Amino acid sequence: MNAPLPHIDIIRQADAEALLKDVVAKLKAGKVVPFLGPAVSEQSGAPVPMNPEALAAFFGTKVALPRRAKGNAWASAQHIESTRHRNTVTTLMTEAFATPVAPTPLQQHLASLPLPMIVDSWYDGAMRTALAGRGDWGEVQGITRAHIGEDRWYRFYDADGGESDREKASGWTTLLYKPHGGITPAKNFLITDADYVEVLTDIDIQTPIPDTVKDRRTDRGFLFIGCRFNDQLLRTYGRQVIKRSGSEHYVLVEPDTLSKNELKFFIAERLTPIAIPLARATEIIIGG
């Protein structure tokens, strides 16, 4: 017998639109941080993998994967690293995201605002491209520590793509945070099981989270847009990024697709689910 789904009130229809408009006002005021999932860039229609399952499928077209790794991007990447080399993983990730992804209207709109921080949880470079017309921003990316011979968890990059540092980052108007790395500007990819084992060992004490991210999330809420939390790793990252931030968080959802674990995650982290399709939510955010 299947266990009943956890109960959480999902805001729907007119109430959902009214609530999202209120959240957008807080976002514009710098009180809410947008946390973008791969479904945001997917609206561009670019021919690159736009979720972990699609990325795993891409790996499967390049390398024969064992059954246990099929369908899992992180396990697939780990198998490739273990049987071939880390360079092969980087090469395949570079191939997967070689096609530039044009910024969507939502990304262009967010880039036009002096937001304290934008979190982008996928590997494409669309959000960086959207911000390119400004000079008062920079980026911090999670990096793999495999084979780099360095004791650090992330790297900073300025608006031109040059490597920067935490002191300069403190002066940027907008910080773009890519916790899993990205194709631009330097092909940093946090992708294999081994990469994440290192991070997850220390993430509860927040060491892999940059100090500037900790500073900018203080007393602010988060709005999750185009995100899924149907994998333990994704839930862990979502939880750790919003840790010690404000008390009000929101997530755009399609109720019929939610898993039991996602609902439990929303309850545990006090996320208010707002049932609005991404296309309509984009219209409200841009027009708000």
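Would a scan of the stretch 197-213 turn up a residue that is assigned to a strand (DSSP E or B), farther than 22 Å from PRO52 by Cα and either without any contact (Cβ under 8 Å) to a residue 12 or more places away in the chain or among the polar types (S, T, N, Q) (or both)? Give the steps one after another, and end with the answer.
Going residue by residue through the stretch 197-213, those that are assigned to a strand (DSSP E or B) are none.
Scanning the stretch 197-213 turns up no residue that is assigned to a strand (DSSP E or B), farther than 22 Å from PRO52 by Cα and either without any contact (Cβ under 8 Å) to a residue 12 or more places away in the chain or among the polar types (S, T, N, Q) (or both).
If I ask for residues that are acidic (Asp, Glu) and part of a loop (DSSP other than H, G, I, E, B), which ones from the stretch 160-196 would you list?
Filtering the stretch 160-196 for residues acidic (Asp, Glu) gives 160, 163, 165, 167, 193, 195.
Within the stretch 160-196, ASP160, ASP165 meet the criteria.
Residues that are more than 19 Å from the chain's Cα centre (by Cα) and at positive phi: find the helices (runs of 4 or more DSSP H) completely inside the stretch 1-104 holding 1 or more of those.
Working: elements: 13-28, 38-42, 52-62, 73-83, 86-96.
Hits in the stretch 1-104: 13-28.
Kindly establish whether ARG155 is in contact with a strand residue (DSSP E or B) (Cβ under 8 Å, 6 or more places away or on another chain), basic (Lys, Arg) and not in a helix (DSSP H, G or I).
Values: in contact with a strand residue (DSSP E or B) (Cβ under 8 Å, 6 or more places away or on another chain): yes; basic (Lys, Arg): yes; not in a helix (DSSP H, G or I): yes.
Against the criterion (in contact with a strand residue (DSSP E or B) (Cβ under 8 Å, 6 or more places away or on another chain), basic (Lys, Arg) and not in a helix (DSSP H, G or I)), ARG155 qualifies.
For ARG235, state whether it is under 28 Å from LEU19 (Cβ atoms), in the same structural domain as SER121 (by TED's automatic domain parsing) and touching a Phe, Trp or Tyr at 6+ places or on another chain (Cβ under 8 Å).
Details: under 28 Å from LEU19 (Cβ atoms): yes; in the same structural domain as SER121 (by TED's automatic domain parsing): yes; touching a Phe, Trp or Tyr at 6+ places or on another chain (Cβ under 8 Å): yes.
Criteria met by ARG235.
Do you know which residues across the stretch 242-288 are over 20 Å from ARG12 (Cβ atoms) and crowded, with 21+ Cβ neighbours inside 10 Å?
Residue satisfying the conditions is ILE242 alone.
The values are calculated or read from the model by the stated rules, or taken from the named source; none is laboratory data. Computed from a prediction, not measured in an experiment: that's the story for all the values here. Cβ atoms come from the backbone with ideal geometry, glycine included; neighbour counts cover every protein chain shown.
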